[in-house]
Ligand code: SAH
């Protein structure tokens, strides 16, 4: 008689490797791990008939006793007029509730319809809150609450996948541009990517995943070394250290030279074009001098043809306080002609450059608007 040697846990905790290991440990065949995972991702953690037949009754009964469904739930859903859907996912498992004081237990994730019919992009959080303190970003307002586990990251994807299915869409890309700094929770981010984007599972491929960072140099090198073949996005936002340190405090630790060298190494190692994110803020980083400086920096680091610049007109985050409790200065989006002029100036220098649109801003789901929402859980 076979006994499960594991505590039951959600199916989202398993990658191909860890599922193989647990099946072998329990004396079971691991030959059909890919079928199991594929079926789980397609059927919300259920084995379909085809997978059941392939894996056989012993494995099916083991999985039935060892694997539980996703414990998190959606506590809020906002749908923007442009179809962008923002979910607040609550990670407190009601059946296994542990009082956690005031530590928030929810994070936001977003589904954006792609321009091609039937497709969508998923944006997930890597942490609850954020410690980076970027002046223009709402996620940082209450500081960092905690890292998300790999399973909690996968769960966001699974909730977004359900949402996409209901909209007759398929998620074809995944970005780590929600709350948090992925490089400060890199092990969980990498584990989650291995789960979601395993080529055997037929969900999104590694090449459709983008990890965005404020510029944590060891993290960029570690991501390259992980050989996942994912995209890197670098939140640069300014082309001189004085300006960048004002809006991105982490620049005092990893300055522009250090992060662009890391971006260049990332390209050398992976061959993947690096995306440079530039949140365009009125009167801060939207002048021609910044555009000229950015172009010369990209040339200096041999990134002109190996990086593309994504210009994101600033999304208003309203008045508020920074991580130190000080009133934030009021930032504004530049007028549309300035956005166009900035992009044209970069193009003049041969920089590959696009303007990202600002979808979801009417439900605060656009870039930088994801704000930690404190949900106090009360045991009923
Ligand atoms: N910490 C990581 C991941 C967060 S991603 C990083 O810094 O990259 C958040 C993305 O949204 C980044 O590209 C960031 O630069 C952008 N962003 C943040 N606040 C914004 C705002 N108010 N308007 C437009 N873009 C913003």
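We did not get these values from a lab; they are worked out from the coordinates using the rules stated. Here the structure is a predicted model, which is why all the values come from computation and not from measurement. A quick note on method: Cβ atoms are made from the backbone with ideal geometry, for glycine too, and the neighbour counts reach across all protein chains shown.
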Computed FRET value (nearest 0.05) for residue 347 with residue 61, which takes r as the C-beta separation and R₀ as 41 Å: 0.10
Cα→Cβ-extended label distance, 7 Å offset, between residue 340 and residue 328, nm: 2.9
Helix 336-348 vs. the chain, principal-axis angle (Cα, 0 to 90°, nearest 10): 90
Global form of segment 9-68, assessed from the alpha-carbon gyration tensor, a/c cut-off 1.5: rounded
Among 14, 62, 136, residue whose mean-square fluctuation peaks in a GNM of the chain (springs only between Cα atoms under 10 Å): 62
Folded to 0 to 90 degrees: helix 49-66 orientation relative to the chain principal axis, Cα: 90
0 to 90° range, to nearest 10: angle between helix 33-42 axis and the chain longest Cα axis: 70
Sorted by Cβ density within 10 Å, fewest first, the residues 36, 153: 36, 153
Rounded to 5, the percent of DSSP beta bridges in the chain classed as antiparallel: 45
Whole-percent pair-distance distribution, where bins are 10 Å wide, for the alpha carbons of segment 115-214: 16, 47, 29, 8, 0
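For the chain, go through all pairs of different Cα atoms, get the mean of 1/r, take its inverse, and jot down that Kirkwood value in Å. Walk me through the intermediate numbers first.
Numbers: mean 1/r = 0.0459 Å⁻¹.
Result for the chain stands at 21.8 Å.
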Ellipticity estimate at 222 nm from DSSP helix runs (n ≥ 4, -39,500 (n - 2.57)) divided over the chain, nearest 500: -10000 deg cm²/dmol
